[in-house]
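Have a look at the structure below before the remarks.
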Amino acid sequence: MVFDFLKGEFIDVISWLDDTRDTMVWRFERRGQAIKYGAKLTVREGQAAVFVHEGQIADVFGPGLYMLETNNMPVMTTLQHWDHGFSSPFKSEVYFINTTRFNDQKWGTKNPIMTRDPEFGPVRLRAFGTYSMRVSDPALFLREIVGTDGEFTADEVSMQIRNIIVQEFSQTIASSAIPVLDMAANTRDLGKIITTAINPLVAEYGLSLPEFYIENISLPQEVEKVLDKRTSIGIAGDLNKYMQFNAAEGIANPASGAGAMMGAGMAAGMGAAMAQAAGPWGAPPAAPAAAAPPPPPPPLPAATLWHVAENGATTGPFDEPTLAAMAASGQLSGASMVWTTGQDGWKLATDTPLKRLLDSVPPPPPGA
């Protein structure tokens, strides 16, 4: 009975099953019991176990199954001056560290960041995004951040990490000389630069940032409104045509507010025009000025000129009245070869518009 009682006073199995998603450090509940020499320590993947003895960090165990003996605990053995035959129980605190990634951590700028843009001058920027963190040095993390906290969550360290991120982000943006309108296309490069600057700082806490993302960089609302107007003007193009289009659209849709305002404007314009035509005090309008003379008629088209080929020689050019006289005198017949500008080679007169001249020539008188 005494043996069973003494056996219940000693811890012979040490392990941690984490069923949360935000616990970074958990202290094994020893409840005043001593750890049995030769007890089994189970450290699962994504975990590390840190032994703290009398306020001093001793041995750190990675994933695996261990028998807690002098050959597995060199630091503890040195601290306690254990000899080779040591087999007594001992009292130490055991902290389990979660070494997996803690994803989807939020960061953002509480206050705007002042920077100088090459196009807009001094501007105020806001930004936000996400990052992931993990414990890279369990002993250092326990010493610098956790202390004696029995259960430590990601929220307790994320605020400090966010402050470091915002500080480095501000310095990087201020020295990057990237125009505001081009920052959206360079968020990946900016993220790499910021991550490179942040990791040495968070390493002092035993942490690292495997991932860092900039989701958005924005200007103040009043500046964005001005940019929207500037973009609208660029899309509208010719402002005169744009106003004419709006006027026509307002007339076509008089029920809309724009149509009503446009109708009122047109009515006012028509009223002003009528008042101007009536003259002062409603006097009758002055006599209209003499009508301008009508414009002169357009010039007649140029006459078509023809060349005539006969016996290997060409004559002309002749206009159609001359050719009509030649047809009446027999100098031009349907067998005559003719040509004019634009015609494809010489042709018989009957195969050209001159056929109508030949058809109008009367036949020879009877008995001729």
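The values are calculated or read from the model by the stated rules, or taken from the named source; none is laboratory data. In this text the structure is predicted, and so the values were computed from the model without any measurement. For neighbour counting, all protein chains shown are included, and Cβ atoms are generated from backbone atoms with ideal geometry for every residue, glycine included.
Residues that are surrounded by fewer than 10 Cβ atoms within 10 Å (Cβ to Cβ) and assigned to a loop (DSSP other than H, G, I, E, B) are absent from segment 346-361. Out of the residues in segment 171-190 that are part of a helix (DSSP H, G or I) and in contact (Cβ under 8 Å) with a residue 60 or more places away in the chain, which is surrounded by the most Cβ atoms within 10 Å (Cβ to Cβ)? It comes out as I173. For residues that are touching a residue at least 24 places away in the same chain (Cβ under 8 Å), closer than 14 Å to L358 by Cβ and outside any loop (DSSP other than H, G, I, E, B), scanning just segment 296-336, find the one that is nearest to the chain's Cα centre (by Cα). Ranking the candidates gives W306 first.
For segment 124-167, filtered to residues that are surrounded by fewer than 20 Cβ atoms within 10 Å (Cβ to Cβ) and in contact with a Pro (Cβ under 8 Å, 6 or more places away or on another chain), the residue that is farthest from Q221 (Cα to Cα) is R134. Report yes if some residue within segment 27-49 is crowded, with 18+ Cβ neighbours inside 10 Å and either of a type in the set (K, R) or assigned by TED's automatic domain parsing to the domain that holds R134 (or both); otherwise report no. Within segment 27-49 (the criterion being crowded, with 18+ Cβ neighbours inside 10 Å and either of a type in the set (K, R) or assigned by TED's automatic domain parsing to the domain that holds R134 (or both)), the answer is yes, since at least one residue qualifies.
Within segment 297-326, being aliphatic (A, V, I, L, M) and under 21 Å from S360 (Cα atoms) holds for A303, L305, V308, L323, A324, A325, M326. Take I198 and tell me if it is of a type in the set (V, I, T), more than 16 Å from V25 (Cβ to Cβ) and in a helix (DSSP H, G or I). Against the criterion (of a type in the set (V, I, T), more than 16 Å from V25 (Cβ to Cβ) and in a helix (DSSP H, G or I)), I198 qualifies.
Selection of segment 132-150 for residues being closer than 22 Å to K192 by Cα and not charged (D, E, K, R) yields S132, M133, V135, S136. On the stretch given as segment 123-149, residues that are within 14 Å of E204 (Cβ to Cβ) and among the charged types (D, E, K, R) total 3.
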